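Written out below as structure tokens is the structure these notes cover.
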Amino acid sequence: MYCFSSLAEFSILRESIKEGLMKNCGKDALAVFIAINESVNNAIFHGNKEDNSKNVYLIIEKMPNGIKIVIRDEGRGFLNREIPNTSDWLEEHGRGFAIIQHCVDSYRLNKMGNEITLIKKTKVA
């Protein structure tokens, strides 16, 4: 499990996370990392509102047929109906969930809206 409170702290962990993904996801590692990066940005900026006293937790779990990633922040959360529905990749805001959906096989939010679980099925397990 990783725990951090800012983008600067996350940037220190990035290479280690990428290396682990390369071992476990093969050719899908970059796509999975993009989904993680987008989810972490959402947690830091939207969830915790860049409050460095609040943490973001990142768990990466290897499964027999893929990988499961859980990212949770300490923010208030949000309702699923608040997710922007945009497919315009050039929009600076509101495209995060579209990017995540493109990079993993599935994602789900917890009821509170402060935790996302990403699932990527892989051939390398």
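No value in this document is a laboratory result; all are computed from the given coordinates. The shown structure was predicted, so the numbers you read here are calculated from the model rather than taken from an experiment. Here the Cβ positions follow ideal geometry from the backbone for every residue, glycine too, while neighbour counts run over all protein chains shown.
General remarks:
- Sites listed here are trypsin sites (Lys or Arg not before Pro) in the range 1-85 whose DSSP assignment is loop and whose Cβ has at most 16 other Cβ atoms within 10 Å: Lys49, Lys54, Arg76.
- Approximating the spin labels as points 7 Å out from Cα along Cα→Cβ, the Glu19-to-Leu109 distance works out to 3.5 nm.
- Amide H contacts of Gly113 (H built 1.01 Å from N, in plane; Pro and chain starts excluded): Phe78 sit under 5 Å, all sequence-distant by 5 or more or on other chains.
- Contact order, relative form, for the range 2-121: 27 percent (alpha carbon pairs under 8 Å, 6 or more residues apart, mean separation divided by residue count).
- Arranged from fewest to most other beta-carbon atoms within 10 Å of their beta carbon, Asp105, Asp73 become Asp105, Asp73.
- Modelled FRET efficiency - R0 35 Å, Lys123 with Phe78, Cβ distances, 0.05 increments: 0.50
- Taking the chain as the region of interest, the number of lysine pairs whose Cα atoms are within less than 21 Å, with members eight or more places apart or on different chains, is 25.
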